[in-house]
Amino acid sequence: MNAMRGHLTNLVRAGIIGTAIVTMVSLSGCAPGRARQCDIMVYGASAGGTIAAIAAANEGASVILVEPGRYVGGMVSGGLGATDFGNKSVIGGMSREFFVRVGRHYGEPPAWYFEPHVADRVFHDWLKEARVPVVFGQQVEQVEKKGPRIREIRMADGAVYRARVFLDCTYEGDLMARAGVSYTVGREGMDQYGESLAGRREKCEYHQFNTPVSPYDENGKLLPCVYGGDPGEIGQADHKVQAYNFRICLSNKRENQVPFPKPANYDPYRYELLKRYLQAAPDLTLDKLIHIKMMPNGKTDVNNNGAFSTDHIGGSWDYPDADYKRRQEIWDDHVSYVQGFFYFLANDPSVPKHIQDELNKWGLAKDEFLDTGHWPRQLYIREARRMVGEYVMKQADLQTDRTKPDSIGMGSYNSDSHHVQRIPTPDGAVINEGDMQVPVQPYEISYRALLPKQGECDN
(Lines give C-alpha, C1' and ligand atoms only; values in the text may rest on other atoms or scores of the structure.)
Protein backbone atom coordinates (compact mmCIF):
# COMPACT_ATOMS: atom_id res chain seq x y z
CA MET A 1 0.00 0.00 0.00
CA ASN A 2 2.89 2.38 0.74
CA ALA A 3 4.28 1.64 -2.71
CA MET A 4 0.89 2.41 -4.25
CA ARG A 5 0.76 5.74 -2.41
CA GLY A 6 4.23 6.58 -3.67
CA HIS A 7 3.23 5.63 -7.22
CA LEU A 8 0.21 7.95 -7.05
CA THR A 9 2.39 10.75 -5.69
CA ASN A 10 4.72 10.37 -8.66
CA LEU A 11 1.78 10.54 -11.05
CA VAL A 12 0.65 13.80 -9.45
CA ARG A 13 4.14 15.28 -9.69
CA ALA A 14 4.36 14.26 -13.34
CA GLY A 15 1.09 15.98 -14.12
CA ILE A 16 -0.64 12.73 -15.08
CA ILE A 17 -3.09 13.05 -12.18
CA GLY A 18 -4.73 16.33 -11.29
CA THR A 19 -5.08 17.73 -7.80
CA ALA A 20 -8.81 18.37 -7.56
CA ILE A 21 -10.59 16.65 -4.68
CA VAL A 22 -14.12 15.44 -5.32
CA THR A 23 -16.56 16.81 -2.76
CA MET A 24 -19.75 14.82 -3.25
CA VAL A 25 -20.16 11.69 -1.16
CA SER A 26 -22.86 9.71 -2.95
CA LEU A 27 -24.26 9.90 -6.46
CA SER A 28 -27.37 8.13 -7.65
CA GLY A 29 -26.10 7.70 -11.17
CA CYS A 30 -24.92 9.40 -14.31
CA ALA A 31 -27.04 10.69 -17.17
CA PRO A 32 -26.95 8.22 -20.09
CA GLY A 33 -24.51 9.29 -22.78
CA ARG A 34 -22.94 12.10 -20.74
CA ALA A 35 -19.40 11.16 -19.69
CA ARG A 36 -18.27 11.66 -16.09
CA GLN A 37 -14.56 12.44 -15.98
CA CYS A 38 -11.95 11.96 -13.26
CA ASP A 39 -8.31 11.08 -12.74
CA ILE A 40 -8.98 7.63 -11.33
CA MET A 41 -12.10 5.54 -11.79
CA VAL A 42 -12.35 2.60 -9.37
CA TYR A 43 -14.79 -0.11 -10.43
CA GLY A 44 -15.90 -2.25 -7.51
CA ALA A 45 -16.41 -1.11 -3.91
CA SER A 46 -14.92 -4.23 -2.38
CA ALA A 47 -12.71 -3.54 0.62
CA GLY A 48 -9.75 -3.23 -1.74
CA GLY A 49 -11.64 -0.94 -4.11
CA THR A 50 -12.93 1.24 -1.31
CA ILE A 51 -9.47 1.71 0.19
CA ALA A 52 -7.88 2.26 -3.24
CA ALA A 53 -10.35 5.07 -3.91
CA ILE A 54 -9.63 6.64 -0.51
CA ALA A 55 -5.87 6.35 -1.04
CA ALA A 56 -6.08 8.07 -4.43
CA ALA A 57 -8.27 10.86 -3.07
CA ASN A 58 -5.85 11.40 -0.19
CA GLU A 59 -3.08 11.87 -2.76
CA GLY A 60 -5.03 14.68 -4.41
CA ALA A 61 -6.48 12.77 -7.35
CA SER A 62 -10.08 13.20 -8.47
CA VAL A 63 -11.78 9.84 -7.97
CA ILE A 64 -15.10 8.15 -8.67
CA LEU A 65 -15.92 4.81 -7.02
CA VAL A 66 -18.48 2.84 -9.04
CA GLU A 67 -20.08 -0.25 -7.52
CA PRO A 68 -22.23 -2.65 -9.58
CA GLY A 69 -24.19 -3.63 -6.47
CA ARG A 70 -25.58 -1.57 -3.60
CA TYR A 71 -22.98 -1.84 -0.84
CA VAL A 72 -19.37 -1.04 0.05
CA GLY A 73 -16.83 -3.31 1.70
CA GLY A 74 -17.53 -6.57 -0.11
CA MET A 75 -16.95 -9.58 2.13
CA VAL A 76 -15.41 -7.49 4.91
CA SER A 77 -18.77 -5.83 5.58
CA GLY A 78 -20.68 -8.82 4.20
CA GLY A 79 -20.21 -11.30 7.03
CA LEU A 80 -16.50 -12.12 7.09
CA GLY A 81 -15.75 -10.61 10.48
CA ALA A 82 -13.25 -13.31 11.53
CA THR A 83 -10.13 -11.92 9.90
CA ASP A 84 -7.68 -14.43 8.43
CA PHE A 85 -4.76 -12.42 9.76
CA GLY A 86 -1.91 -14.92 9.78
CA ASN A 87 0.99 -12.90 11.20
CA LYS A 88 -0.49 -9.60 12.41
CA SER A 89 2.88 -7.85 12.38
CA VAL A 90 2.97 -7.80 8.57
CA ILE A 91 -0.43 -6.07 8.26
CA GLY A 92 0.32 -2.39 7.76
CA GLY A 93 -0.65 0.72 5.85
CA MET A 94 -4.30 1.41 5.20
CA SER A 95 -5.18 -2.23 5.78
CA ARG A 96 -4.07 -1.88 9.39
CA GLU A 97 -5.80 1.49 9.66
CA PHE A 98 -9.11 -0.25 8.92
CA PHE A 99 -8.65 -2.56 11.92
CA VAL A 100 -7.54 0.39 14.05
CA ARG A 101 -10.76 2.21 13.14
CA VAL A 102 -12.81 -0.87 13.97
CA GLY A 103 -11.02 -1.15 17.29
CA ARG A 104 -11.80 2.48 18.02
CA HIS A 105 -15.50 1.65 17.68
CA TYR A 106 -15.17 -1.06 20.33
CA GLY A 107 -12.79 0.96 22.53
CA GLU A 108 -9.97 -1.50 21.86
CA PRO A 109 -6.59 -1.68 20.06
CA PRO A 110 -6.79 -2.96 16.47
CA ALA A 111 -9.85 -5.25 16.38
CA TRP A 112 -9.63 -8.30 14.13
CA TYR A 113 -13.15 -9.66 14.88
CA PHE A 114 -16.14 -7.41 14.28
CA GLU A 115 -19.83 -7.18 13.39
CA PRO A 116 -20.83 -6.57 9.74
CA HIS A 117 -22.57 -3.24 10.43
CA VAL A 118 -19.46 -1.92 12.16
CA ALA A 119 -17.29 -2.61 9.12
CA ASP A 120 -19.94 -1.01 6.93
CA ARG A 121 -19.96 2.13 9.08
CA VAL A 122 -16.15 2.35 9.09
CA PHE A 123 -16.00 2.21 5.29
CA HIS A 124 -18.79 4.78 4.84
CA ASP A 125 -17.24 7.20 7.35
CA TRP A 126 -13.82 6.80 5.74
CA LEU A 127 -15.22 7.51 2.26
CA LYS A 128 -16.98 10.57 3.60
CA GLU A 129 -13.79 11.88 5.19
CA ALA A 130 -11.93 11.48 1.89
CA ARG A 131 -14.88 13.00 0.00
CA VAL A 132 -15.03 10.11 -2.46
CA PRO A 133 -18.23 9.98 -4.55
CA VAL A 134 -19.80 6.53 -4.79
CA VAL A 135 -22.14 5.44 -7.56
CA PHE A 136 -24.16 2.28 -6.94
CA GLY A 137 -25.99 -0.10 -9.27
CA GLN A 138 -23.91 0.28 -12.42
CA GLN A 139 -22.54 -2.72 -14.30
CA VAL A 140 -19.84 -2.29 -16.92
CA GLU A 141 -21.10 -3.17 -20.39
CA GLN A 142 -18.46 -1.99 -22.87
CA VAL A 143 -14.88 -0.73 -22.82
CA GLU A 144 -13.63 1.61 -25.55
CA LYS A 145 -9.87 1.70 -26.06
CA LYS A 146 -7.55 3.82 -28.18
CA GLY A 147 -4.56 1.63 -28.81
CA PRO A 148 -3.55 0.04 -25.51
CA ARG A 149 -5.30 2.68 -23.37
CA ILE A 150 -8.87 2.68 -22.10
CA ARG A 151 -10.61 5.81 -23.34
CA GLU A 152 -13.96 5.30 -21.66
CA ILE A 153 -16.24 2.66 -20.23
CA ARG A 154 -19.96 2.43 -20.78
CA MET A 155 -22.33 0.97 -18.22
CA ALA A 156 -25.44 -1.16 -18.81
CA ASP A 157 -27.69 1.85 -18.09
CA GLY A 158 -25.85 4.04 -20.63
CA ALA A 159 -23.66 5.96 -18.17
CA VAL A 160 -20.15 6.73 -19.44
CA TYR A 161 -16.94 7.24 -17.47
CA ARG A 162 -13.62 8.62 -18.67
CA ALA A 163 -10.47 8.58 -16.60
CA ARG A 164 -6.70 8.63 -16.88
CA VAL A 165 -6.41 5.46 -14.81
CA PHE A 166 -8.94 2.65 -14.26
CA LEU A 167 -8.85 0.12 -11.41
CA ASP A 168 -10.84 -3.11 -11.50
CA CYS A 169 -11.44 -3.99 -7.85
CA THR A 170 -14.38 -6.36 -8.36
CA TYR A 171 -14.25 -10.01 -7.41
CA GLU A 172 -15.26 -10.96 -10.96
CA GLY A 173 -12.84 -8.91 -13.09
CA ASP A 174 -15.51 -7.69 -15.53
CA LEU A 175 -13.73 -4.43 -16.43
CA MET A 176 -10.46 -6.28 -16.84
CA ALA A 177 -11.98 -8.86 -19.17
CA ARG A 178 -13.76 -6.27 -21.33
CA ALA A 179 -10.51 -4.30 -21.59
CA GLY A 180 -8.81 -7.24 -23.29
CA VAL A 181 -6.53 -8.11 -20.38
CA SER A 182 -5.33 -11.72 -20.22
CA TYR A 183 -6.83 -13.82 -17.44
CA THR A 184 -7.45 -17.39 -16.42
CA VAL A 185 -10.19 -19.29 -14.61
CA GLY A 186 -9.81 -22.48 -12.62
CA ARG A 187 -6.70 -24.43 -11.76
CA GLU A 188 -3.41 -24.44 -13.63
CA GLY A 189 -1.69 -27.77 -14.11
CA MET A 190 1.42 -28.75 -12.18
CA ASP A 191 3.54 -28.38 -15.31
CA GLN A 192 2.56 -24.79 -16.21
CA TYR A 193 4.59 -23.07 -13.50
CA GLY A 194 6.32 -26.08 -11.96
CA GLU A 195 3.99 -26.11 -8.94
CA SER A 196 3.65 -29.28 -6.92
CA LEU A 197 0.36 -28.04 -5.42
CA ALA A 198 -1.34 -27.15 -8.71
CA GLY A 199 -4.13 -28.94 -10.55
CA ARG A 200 -6.35 -31.70 -9.27
CA ARG A 201 -5.25 -33.03 -5.87
CA GLU A 202 -4.48 -36.69 -5.26
CA LYS A 203 -5.58 -36.68 -1.63
CA CYS A 204 -7.24 -34.05 0.54
CA GLU A 205 -7.07 -34.64 4.27
CA TYR A 206 -9.49 -32.05 5.59
CA HIS A 207 -13.28 -31.65 5.36
CA GLN A 208 -13.81 -35.25 4.29
CA PHE A 209 -16.40 -37.94 4.95
CA ASN A 210 -15.01 -39.81 7.93
CA THR A 211 -17.17 -42.84 7.24
CA PRO A 212 -18.24 -44.34 3.89
CA VAL A 213 -21.49 -42.93 2.50
CA SER A 214 -23.10 -44.03 -0.77
CA PRO A 215 -23.77 -41.16 -3.21
CA TYR A 216 -26.27 -43.21 -5.25
CA ASP A 217 -30.04 -43.58 -5.02
CA GLU A 218 -31.90 -46.88 -5.40
CA ASN A 219 -31.73 -46.57 -9.19
CA GLY A 220 -28.00 -46.01 -9.29
CA LYS A 221 -28.34 -42.29 -9.98
CA LEU A 222 -26.05 -39.86 -8.20
CA LEU A 223 -27.55 -37.80 -5.39
CA PRO A 224 -27.69 -33.99 -5.55
CA CYS A 225 -24.42 -32.18 -4.80
CA VAL A 226 -22.27 -34.99 -6.28
CA TYR A 227 -20.45 -34.51 -9.60
CA GLY A 228 -20.69 -37.33 -12.10
CA GLY A 229 -18.46 -35.95 -14.85
CA ASP A 230 -14.74 -36.31 -15.50
CA PRO A 231 -12.87 -35.51 -12.27
CA GLY A 232 -9.58 -35.04 -14.13
CA GLU A 233 -6.16 -36.57 -13.65
CA ILE A 234 -3.89 -35.84 -10.70
CA GLY A 235 -2.07 -32.53 -11.26
CA GLN A 236 -4.18 -31.71 -14.32
CA ALA A 237 -5.50 -28.25 -15.10
CA ASP A 238 -9.23 -27.60 -15.20
CA HIS A 239 -11.72 -24.73 -15.28
CA LYS A 240 -13.33 -25.68 -11.98
CA VAL A 241 -13.43 -23.09 -9.20
CA GLN A 242 -13.27 -23.65 -5.44
CA ALA A 243 -16.58 -23.52 -3.58
CA TYR A 244 -18.40 -20.31 -2.67
CA ASN A 245 -20.67 -19.82 0.31
CA PHE A 246 -22.09 -17.11 2.56
CA ARG A 247 -20.51 -16.15 5.88
CA ILE A 248 -23.47 -16.16 8.25
CA CYS A 249 -23.98 -13.73 11.13
CA LEU A 250 -25.99 -15.50 13.83
CA SER A 251 -26.98 -14.30 17.30
CA ASN A 252 -27.27 -16.28 20.53
CA LYS A 253 -29.52 -13.62 22.12
CA ARG A 254 -33.21 -14.48 21.81
CA GLU A 255 -34.25 -10.85 21.57
CA ASN A 256 -31.93 -10.40 18.59
CA GLN A 257 -32.83 -13.51 16.58
CA VAL A 258 -34.72 -14.22 13.39
CA PRO A 259 -35.63 -17.88 12.61
CA PHE A 260 -33.73 -19.68 9.87
CA PRO A 261 -35.68 -18.91 6.67
CA LYS A 262 -37.14 -21.64 4.49
CA PRO A 263 -36.19 -21.07 0.82
CA ALA A 264 -39.14 -20.77 -1.55
CA ASN A 265 -37.87 -23.75 -3.58
CA TYR A 266 -36.76 -25.80 -0.58
CA ASP A 267 -36.36 -29.52 -1.28
CA PRO A 268 -35.04 -31.66 1.56
CA TYR A 269 -33.80 -34.22 -0.98
CA ARG A 270 -31.07 -31.77 -1.92
CA TYR A 271 -29.51 -32.71 1.43
CA GLU A 272 -29.97 -36.48 1.13
CA LEU A 273 -26.21 -37.02 1.19
CA LEU A 274 -25.99 -35.04 4.43
CA LYS A 275 -28.87 -37.07 5.85
CA ARG A 276 -27.04 -40.30 5.09
CA TYR A 277 -23.84 -38.96 6.58
CA LEU A 278 -25.59 -38.03 9.81
CA GLN A 279 -27.08 -41.52 9.98
CA ALA A 280 -23.72 -43.18 9.29
CA ALA A 281 -21.86 -41.02 11.82
CA PRO A 282 -24.24 -40.47 14.76
CA ASP A 283 -21.43 -39.01 16.90
CA LEU A 284 -21.19 -35.93 14.67
CA THR A 285 -21.77 -32.67 16.52
CA LEU A 286 -22.76 -29.24 15.25
CA ASP A 287 -19.18 -27.98 15.33
CA LYS A 288 -18.28 -30.71 12.82
CA LEU A 289 -20.91 -29.34 10.41
CA ILE A 290 -20.30 -25.60 10.67
CA HIS A 291 -17.44 -23.47 11.99
CA ILE A 292 -18.79 -20.95 14.51
CA LYS A 293 -16.46 -18.07 15.34
CA MET A 294 -17.73 -15.62 17.91
CA MET A 295 -17.86 -11.90 17.13
CA PRO A 296 -18.71 -9.12 19.59
CA ASN A 297 -22.18 -8.86 21.15
CA GLY A 298 -23.12 -12.53 20.94
CA LYS A 299 -22.82 -12.75 17.14
CA THR A 300 -20.91 -15.05 14.84
CA ASP A 301 -19.08 -15.43 11.61
CA VAL A 302 -20.14 -18.93 10.52
CA ASN A 303 -18.05 -20.66 7.86
CA ASN A 304 -17.90 -24.06 6.20
CA ASN A 305 -16.66 -27.05 8.18
CA GLY A 306 -16.62 -30.77 7.48
CA ALA A 307 -17.71 -32.98 4.60
CA PHE A 308 -21.09 -31.40 3.87
CA SER A 309 -21.55 -27.84 5.04
CA THR A 310 -22.16 -24.29 3.79
CA ASP A 311 -19.76 -24.60 0.84
CA HIS A 312 -21.81 -25.20 -2.32
CA ILE A 313 -19.23 -27.49 -3.89
CA GLY A 314 -19.48 -27.42 -7.69
CA GLY A 315 -22.01 -24.59 -7.70
CA SER A 316 -19.45 -21.89 -8.54
CA TRP A 317 -17.82 -23.25 -11.70
CA ASP A 318 -19.82 -21.22 -14.23
CA TYR A 319 -19.82 -17.99 -12.25
CA PRO A 320 -16.56 -16.25 -13.33
CA ASP A 321 -17.31 -16.01 -17.06
CA ALA A 322 -21.12 -15.96 -16.85
CA ASP A 323 -23.19 -12.99 -18.00
CA TYR A 324 -25.04 -10.88 -15.44
CA LYS A 325 -28.29 -12.83 -15.74
CA ARG A 326 -26.62 -16.20 -15.27
CA ARG A 327 -24.53 -14.85 -12.40
CA GLN A 328 -27.69 -13.78 -10.58
CA GLU A 329 -29.12 -17.27 -11.04
CA ILE A 330 -25.96 -18.80 -9.54
CA TRP A 331 -26.03 -16.28 -6.68
CA ASP A 332 -29.68 -17.09 -5.96
CA ASP A 333 -28.89 -20.81 -6.08
CA HIS A 334 -26.23 -20.30 -3.41
CA VAL A 335 -28.74 -18.43 -1.25
CA SER A 336 -31.18 -21.30 -1.66
CA TYR A 337 -28.50 -23.93 -0.94
CA VAL A 338 -27.12 -22.31 2.22
CA GLN A 339 -30.51 -21.27 3.59
CA GLY A 340 -31.80 -24.76 2.87
CA PHE A 341 -28.81 -26.29 4.64
CA PHE A 342 -29.61 -24.41 7.85
CA TYR A 343 -33.35 -25.01 7.52
CA PHE A 344 -32.74 -28.75 7.03
CA LEU A 345 -30.54 -28.98 10.12
CA ALA A 346 -32.94 -26.92 12.21
CA ASN A 347 -36.17 -28.66 11.16
CA ASP A 348 -35.80 -32.00 9.39
CA PRO A 349 -36.92 -34.93 11.62
CA SER A 350 -33.97 -37.04 10.42
CA VAL A 351 -31.43 -34.71 12.05
CA PRO A 352 -30.20 -35.97 15.45
CA LYS A 353 -31.82 -34.12 18.33
CA HIS A 354 -28.54 -33.00 19.90
CA ILE A 355 -27.57 -31.21 16.68
CA GLN A 356 -30.99 -29.69 16.22
CA ASP A 357 -31.19 -28.47 19.81
CA GLU A 358 -27.75 -26.88 19.59
CA LEU A 359 -28.45 -25.12 16.28
CA ASN A 360 -31.81 -23.80 17.41
CA LYS A 361 -30.13 -21.85 20.19
CA TRP A 362 -29.10 -19.56 17.33
CA GLY A 363 -30.91 -17.41 14.78
CA LEU A 364 -30.01 -14.85 12.14
CA ALA A 365 -28.94 -11.60 13.81
CA LYS A 366 -31.95 -9.30 13.71
CA ASP A 367 -29.87 -6.11 13.76
CA GLU A 368 -27.68 -7.05 10.76
CA PHE A 369 -28.40 -6.79 7.01
CA LEU A 370 -31.72 -5.05 7.61
CA ASP A 371 -32.55 -4.55 3.92
CA THR A 372 -31.78 -8.12 2.79
CA GLY A 373 -33.85 -10.09 5.24
CA HIS A 374 -30.90 -10.36 7.66
CA TRP A 375 -29.08 -12.46 5.09
CA PRO A 376 -25.49 -11.50 4.10
CA ARG A 377 -25.32 -9.05 1.22
CA GLN A 378 -22.24 -10.52 -0.41
CA LEU A 379 -21.71 -13.97 -1.89
CA TYR A 380 -18.27 -15.25 -0.86
CA ILE A 381 -16.65 -15.32 -4.29
CA ARG A 382 -13.41 -16.93 -3.18
CA GLU A 383 -11.96 -16.69 -6.67
CA ALA A 384 -13.17 -15.89 -10.17
CA ARG A 385 -11.15 -14.47 -13.06
CA ARG A 386 -7.45 -14.09 -12.26
CA MET A 387 -5.33 -11.68 -14.29
CA VAL A 388 -2.26 -13.08 -16.06
CA GLY A 389 -0.27 -9.89 -15.71
CA GLU A 390 3.27 -8.58 -15.79
CA TYR A 391 4.02 -10.95 -12.92
CA VAL A 392 2.08 -14.03 -11.82
CA MET A 393 2.25 -15.00 -8.15
CA LYS A 394 3.17 -18.69 -7.95
CA GLN A 395 3.78 -21.33 -5.32
CA ALA A 396 7.46 -20.39 -5.13
CA ASP A 397 6.56 -16.79 -4.25
CA LEU A 398 4.91 -18.07 -1.06
CA GLN A 399 7.53 -20.65 -0.14
CA THR A 400 11.04 -20.05 -1.49
CA ASP A 401 11.16 -16.74 -3.39
CA ARG A 402 9.40 -14.64 -0.76
CA THR A 403 11.03 -11.21 -1.29
CA LYS A 404 10.40 -8.79 -4.15
CA PRO A 405 12.25 -5.64 -5.28
CA ASP A 406 8.91 -3.89 -5.94
CA SER A 407 6.87 -5.13 -2.98
CA ILE A 408 3.40 -3.56 -2.77
CA GLY A 409 2.36 -5.43 0.37
CA MET A 410 2.72 -8.67 2.27
CA GLY A 411 0.76 -11.83 2.99
CA SER A 412 1.13 -14.38 5.75
CA TYR A 413 -2.03 -16.49 5.83
CA ASN A 414 -1.93 -20.14 4.71
CA SER A 415 -2.00 -21.06 1.07
CA ASP A 416 -5.62 -22.11 1.29
CA SER A 417 -8.18 -23.46 -1.16
CA HIS A 418 -11.56 -24.93 -0.33
CA HIS A 419 -12.85 -28.03 -2.07
CA VAL A 420 -13.49 -27.85 -5.80
CA GLN A 421 -15.56 -30.96 -6.51
CA ARG A 422 -17.39 -33.80 -4.75
CA ILE A 423 -16.96 -37.06 -6.65
CA PRO A 424 -17.89 -40.75 -6.29
CA THR A 425 -15.14 -43.28 -5.64
CA PRO A 426 -14.67 -46.66 -7.36
CA ASP A 427 -15.72 -48.48 -4.17
CA GLY A 428 -19.13 -46.79 -4.09
CA ALA A 429 -18.38 -44.02 -1.58
CA VAL A 430 -17.83 -40.29 -2.06
CA ILE A 431 -14.98 -37.83 -1.44
CA ASN A 432 -14.38 -34.11 -1.63
CA GLU A 433 -11.45 -32.91 -3.75
CA GLY A 434 -9.51 -29.66 -3.94
CA ASP A 435 -8.92 -28.59 -0.34
CA MET A 436 -5.34 -27.40 0.19
CA GLN A 437 -3.96 -25.89 3.40
CA VAL A 438 -0.24 -25.19 3.40
CA PRO A 439 1.43 -23.03 6.08
CA VAL A 440 3.61 -20.20 4.79
CA GLN A 441 6.08 -17.66 6.14
CA PRO A 442 5.41 -13.95 5.49
CA TYR A 443 5.95 -13.15 1.81
CA GLU A 444 6.05 -10.01 -0.31
CA ILE A 445 3.71 -9.26 -3.22
CA SER A 446 5.10 -7.71 -6.41
CA TYR A 447 3.57 -4.48 -7.72
CA ARG A 448 3.82 -6.06 -11.18
CA ALA A 449 1.23 -8.64 -10.07
CA LEU A 450 -1.31 -5.79 -10.12
CA LEU A 451 -0.51 -4.69 -13.68
CA PRO A 452 -1.63 -6.10 -17.05
CA LYS A 453 1.06 -7.26 -19.45
CA GLN A 454 2.74 -4.39 -21.26
CA GLY A 455 0.82 -3.46 -24.38
CA GLU A 456 -2.47 -5.05 -23.29
CA CYS A 457 -3.77 -2.10 -21.30
CA ASP A 458 -1.52 0.81 -20.30
CA ASN A 459 -3.88 2.61 -17.91
>> Among the numbered criteria (1) open to solvent by less than 30 Å² (accessible area, probe 1.4 Å); (2) closer than 22 Å to HIS418 by Cα; (3) in contact with a Gly (Cβ under 6 Å, 6 or more places away or on another chain); (4) assigned to a loop (DSSP other than H, G, I, E, B), which one does TYR227 miss?
In response: (1)
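What tally of residues in segment 394-405 results from selecting those that are in a loop (DSSP other than H, G, I, E, B), open to solvent by 30 Å² or more (accessible area, probe 1.4 Å) and either polar (S, T, N, Q) or in contact with a strand residue (DSSP E or B) (Cβ under 7 Å, 6 or more places away or on another chain) (or both)? Break it down stepwise before answering.
To start, the set of residues in segment 394-405 that are in a loop (DSSP other than H, G, I, E, B) comprises 394, 400-405.
Going one step further and asking which of them are open to solvent by 30 Å² or more (accessible area, probe 1.4 Å), we end up with 394, 400-403, 405.
Add one more test, that the residue is either polar (S, T, N, Q) or in contact with a strand residue (DSSP E or B) (Cβ under 7 Å, 6 or more places away or on another chain) (or both), and what stays is 400, 402-403.
Summing the residues that are in a loop (DSSP other than H, G, I, E, B), open to solvent by 30 Å² or more (accessible area, probe 1.4 Å) and either polar (S, T, N, Q) or in contact with a strand residue (DSSP E or B) (Cβ under 7 Å, 6 or more places away or on another chain) (or both) in segment 394-405 gives 3.
Taking the options ILE445, ILE423, ILE408, ILE381, name whichever one is farther than 28 Å from HIS207 by Cβ, touching a residue at least 24 places away in the same chain (Cβ under 8 Å), aliphatic (A, V, I, L, M) and surrounded by 18 or more Cβ atoms within 10 Å (Cβ to Cβ).
Working: ILE445 fails: farther than 28 Å from HIS207 by Cβ; ILE423 fails: farther than 28 Å from HIS207 by Cβ; ILE381 fails: farther than 28 Å from HIS207 by Cβ.
Just a single option satisfies the conditions, and that option is ILE408.
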>> Here is a list: GLU152, GLU59, GLU67. Which entry is at negative phi and either in contact with a Ser or Thr (Cβ under 8 Å, 6 or more places away or on another chain) or open to solvent by 60 Å² or more (accessible area, probe 1.4 Å) (or both)?
In response: GLU59
>> Quick check on my filter: what residues within segment 272-312 are of a type in the set (A, V, I, L, M), over 16 Å from ALA346 (Cα atoms) and open to solvent by less than 20 Å² (accessible area, probe 1.4 Å)?
In response: LEU273, ALA281, MET295, ALA307
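Please go through segment 46-56 and pick out each residue that is out of contact with any strand residue (DSSP E or B) (no Cβ under 8 Å at 6 or more places or on another chain) and either open to solvent by less than 10 Å² (accessible area, probe 1.4 Å) or among the β-branched types (Val, Ile, Thr) (or both). Steps first, answer last, please.
So the first thing to find is which residues in segment 46-56 are out of contact with any strand residue (DSSP E or B) (no Cβ under 8 Å at 6 or more places or on another chain), and the list is 48, 51, 54-55.
Within segment 46-56, ILE51, ILE54, ALA55 qualify.
Would you point out which residue out of VAL338, VAL351, VAL388 is of a type in the set (A, V, I, L, M) and over 30 Å from GLN257 (Cα atoms)? Can you show your working first?
On the way: VAL338 fails: over 30 Å from GLN257 (Cα atoms); VAL351 fails: over 30 Å from GLN257 (Cα atoms).
Selected residue: VAL388, the only one of VAL338, VAL351, VAL388 that is of a type in the set (A, V, I, L, M) and over 30 Å from GLN257 (Cα atoms).
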> Name the residues in segment 70-89 that are outside any loop (DSSP other than H, G, I, E, B) and crowded, with 17+ Cβ neighbours inside 10 Å, would you?
Replying inline: GLY73, ALA82
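Of the residues that make up segment 439-454, is at least one assigned to a loop (DSSP other than H, G, I, E, B) and on the phi > 0 side of the Ramachandran plot?
To start, the set of residues in segment 439-454 that are assigned to a loop (DSSP other than H, G, I, E, B) comprises 439-442, 451-454.
So of that shortlist, the ones also on the phi > 0 side of the Ramachandran plot come out as none.
Checked against the condition, which is being assigned to a loop (DSSP other than H, G, I, E, B) and on the phi > 0 side of the Ramachandran plot, segment 439-454 yields no hits at all.
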>> Quick check on my filter: what residues within segment 411-420 are open to solvent by 10 Å² or more (accessible area, probe 1.4 Å) and aliphatic (A, V, I, L, M)?
In response: none
>> Return the residues of segment 230-249 that are open to solvent by less than 20 Å² (accessible area, probe 1.4 Å) and not in a loop (DSSP other than H, G, I, E, B); say none if nothing qualifies.
In response: TYR244, ASN245, ILE248
>> Could you list, ordered by first residue, the pairs with Cβ atoms under 6 Å in which the first is in segment 112-138 and open to solvent by 50 Å² or more (accessible area, probe 1.4 Å) and the second is part of a strand (DSSP E or B) and of a type outside the set (A, V, I, L, M, F, W, C), at least 6 apart or interchain?
In response: PHE136/GLU67
> Since ASN252 meets every condition but one in (1) open to solvent by 60 Å² or more (accessible area, probe 1.4 Å); (2) more than 24 Å from MET75 (Cβ to Cβ); (3) in contact with a Lys or Arg (Cβ under 7 Å, 6 or more places away or on another chain), which condition does it not meet?
Replying inline: (2)
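Across segment 33-65, what is the total count of residues that are outside any helix (DSSP H, G or I) and within 18 Å of the chain's Cα centre (by Cα)?
5
The values are calculated or read from the model by the stated rules, or taken from the named source; none is laboratory data. What you see is a predicted model, and the numbers here were worked out from it, not measured in a lab. Neighbour counts run over all protein chains shown; Cβ positions are idealised from the backbone, glycine included. For accessibility, only protein heavy atoms count, side chains too; no ligands or nucleic acids. Shrake-Rupley method; radii C 1.70, N 1.55, O 1.52, S 1.80 Å.
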